[in-house]
Structures are given as C-alpha cells and as structure tokens.
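Comments concern the structure below.
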Ligand code: ASP
C-alpha cells in the first residue's frame, strides 16, 4: 500500500443526496491514497432546501418546548431513505430514527441530536464503500465543559486510525469522558478533517465542497473571478477573516501548525485542481503580485491624538488595556508620532462608545478624539509579489485613480499585505479596481 496518506473531507452539498454520494464514491475510489474520509451531514440540494442539521436542531427545540417534532423527523427520515434507496443499500434506518426519537422524548440533548446527521451519513458511506466506520465519540475528546482536549484527541485519533486501511469518520462531533456528545461550531466537520489529518500526519488534507477553490475576489462583486491555485495559510487566514470563507478557521490553524497542505476541491468538477494552501508556495507558481482581495463593511475609525504618543511613556499600552478590559476587539491599531488610529467594528463600538471615550479621556487625557463612521476595510494579500512589482503602491494608485478616498492604510512588513480603509459606499468599486489590477498580471507567469 502507498505510504502517501490523504484525508478527504466532504461537505454538506457533497453528501446531499444519493447522486452526490455516488459522485464522492467515484472520487474516493479513484485514489487509494484517500484512506480516511470525513463526512458532513446532508446539506442543501437547492437554495430553499433545509440542511439535515437544521432539521435536527428544530426537532430538539420542539422537543424541549414539549411540541411535536414528527414532521421534521419525517423529513430527516425521507432524506436518508432517498440516499439508501438511491444507493440500493440495506440499512436499519427505521431503527436509527426510532433511537433518535426516543432520546428526544425522554432526554433531549442538543449536541447529541445535532450530531446524528453526520453519524448516519458516515455509517451509510462506510457500508457503501466497504470501509470501517469510525464514530468520533471514541476518539475526539472533549472536556465536560465542551472544550476540545486536543492533546488527548491527537493521541486517541492516531491510535484509532493508523491501524485501519480505510475508514469513514463522522464529522462535527466528539464526546467527553462520560460519553456525552459535544459538537463543534457550525461548519465544524472541517475541524474533524483537520484533526484527523494532523493526528496521522497526513500528506494532504482534501476539503471537497461545491466550489473549485477560493476565489480571488467576492463573486457577488466581481463577475466570474478566478480561483487562486496556491496560497499560504497566512493569506487564507487573512482573506477568510475578512469574509472570504470556505473553510472553518480552526481547521486552517491546526493544519498550518502541522504544515499539512490543504486542497479545496469541487465534488461537481473533480477535474479542477482547486486551491492548494501550504506554508511555502512551490517555486514556479504564477507570480501574480495579488493573490486575493476581500473585505468587510461596517467599520469605524477612532483617532486619538496626543503630542508624542510614541515617546515610550506607555500611552498605547494603556489604550490597549482599556480595550482589553472591556473585551472590545479591534481590527487594527496604528501608532503614529502624535496619534493612535484604531479600526473597530461599528456594531461592537456603538453600544459602548460614550463610556469608552469617557474612560479614555479620564485615563489618558488625550488632546482630541475623532471618529469616522461608515468605513470598509479591505485586505489585499500577495505573498508572490516580487519587490520590483511595487504592488502595494500600485494597488493604492489604482484606488486613487478611481477617486476612492484612502482613509487608513496599514502595510504589514513582508510581501504585499495591505489593510485599507475606504468609504463604505466605494467598497465595491475598490474591490473591482484591485481585482482589475490583479487581472492585468494574471498571465505574468
Ligand atoms: N452539519 C454541520 C453544519 O451544518 C457541520 C458541518 O457541516 O460541517 O454546520
């Protein structure tokens, strides 16, 4: 058997019905290195459809409210019946549904209920493929307060998976020492995949979804944006943080710690190479100075002025302490000679603005506090930018040529790594202008 090990995770749309499961079986069987398969629960088949996890959660809500959940339970049964019949399988579905129904009637538990979509999908897939079924309740270890115990999980998963040739693992959940089921956040099957890949030190973590990778810009703003072939973990974290999300951020973090490449692939277009995310980009990849651009609206800039802020008297540290004590996160903080600039999400600032400014005035005695609202923050990353491309300057030039005001600019050290504050009503124009600059280099080779 090949030494190369691939963990392949299939998301909700990839397991949405029997036709999708047949597609993923072909994908899995086409490469014997795909030894460990992680599945989500069936997701949406069409835009108005309801995810099985949402149906399960409604059952739970109704159960604890003492209402009937029969209609939702029946929809869940029908989703799985279509799968089993479509795959021409014999599977004890009615027994499984009865167990779930009993638990809801006697001792409804939110996480246990929510996890049943992944549990059933994994059992069905394991049987269909002839792989071993791995219940993560045996090997993904939570503390009783619902936090993942990563050290124990890594050890237990490794011991459970490595002896197996091929296995299907249910995504999204694990259990504590008492056997109680705990789920991750929504979208958490990505984390299961990443944990499995890390535990066995896989050579590759494939994440199969319904897009052929990460777009270089938001497709709702730019028509038919290119997908990025390669990017670094850092670039993915930056672009995802700013809204371009295809993968759960915790999954990226653990894969990056172990330096396991992640390949985002499209179940409906398996021939597409997708996006590969790794620590060091391979030599010979296209040298486009801009990897991608994303952003968020709804930001406020706060400017605190005081003569010689940067004289080492700890003004900035005191300012950050005030934010920390209030658990008020900020997007970034720039310290100048006579001022500090903070960018904060308006939704977080609005409720505490007056109090916060009063505290800053009394503690720091600033010369002036200025506020500018209705700002968007745009992230531009480009680890492939060469020094000669002057990409940071060119990006800013493009924006000024479009007449877009640059309210704040934060240029991180290293390659292209810009955070730019622009007026919210020019957000889309700014994204298009930066994407157009990227495309002017898209055949740069
Ligand atoms: N089924 C869960 C959800 O809908 C987890 C996942 O799909 O990753 O959020």
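A few remarks follow.
- Between the Cα long axis of helix 70-86 and the first principal axis of the chain there is an angle of about 70°, rounded to the nearest 10.
- Length-normalised contact order for the chain - Cα pairs under 8 Å, 6+ apart - percent: 13 percent
- Computed over segment 196-314, the quotient of the alpha carbon radius of gyration and 2.2 N^0.38 Å is 1.32.
- A protection proxy built from the mean count of other Cβ atoms within 10 Å ranks the segments 318-330, 158-170, most packed first, as 158-170, 318-330.
- Virtual paramagnetic centre 7 Å along Cα→Cβ of residue 297, amide N under 13 Å, in segment 194-223: 221
- Within segment 1-155, the proportion of C-alpha pairs whose separation exceeds 29 Å stands at 22%.
- The chain: most fluctuating residue of 367, 272, 111 per GNM, C-alpha cutoff 10 Å: 367
- Fully extended contour minus Cα-Cα distance, from residue 110 to residue 323, at 0.36 nm per residue: 73.3 nm
- With both labels modelled 7 Å from their Cα along Cα-to-Cβ, the residue 3 to residue 89 distance reads 3.4 nm.
- Shape metrics for segment 321-445, restricted to C-alpha atoms - Rg then Dmax, Å: 17.1, 56
- In degrees, nearest ten, helix 18-29 long axis to first principal axis of the chain (Cα): 80 degrees
- Sequence ranges 369-378, 121-130, 343-352, ranked by mean other-Cβ count within 10 angstrom, highest first: 121-130, 369-378, 343-352
- Length released on extending from residue 253 to residue 279, taking residue separation times 0.36 nm less the Cα-Cα span: 8.2 nm
- Peptide packing: for 10-23, 60-73, the average count of neighbouring Cβ atoms within 10 Å per residue gives the ranking 10-23, 60-73, highest mean first.
- Expected-Rg normalisation [2.2 N^0.38 Å, Cα atoms] applied to segment 396-445: 1.19
- Debye equation applied to the C-alpha atoms of the chain, log10 I(q)/I(0) at 0.06, 0.14 Å⁻¹: -0.32, -1.26
- Centroid-to-centroid, using Cα positions, segment 400-445 and segment 82-122 are 49 Å apart.
- Only helices enter this figure: runs of n ≥ 4 DSSP H residues, each worth -39500 (n - 2.57), summed and divided by the residues of the chain, yield -11500 deg cm²/dmol at 222 nm to the nearest 500.
- Between the Cα long axis of helix 353-364 and the first principal axis of the chain there is an angle of about 50°, rounded to the nearest 10.
FYI, it's all coordinate maths here, none of it is from the lab. In this text, all values refer to a predicted model and were calculated from it rather than measured experimentally. Cβ coordinates were reconstructed from backbone atoms using ideal geometry, including for glycine residues, and neighbour counts include every protein chain displayed.
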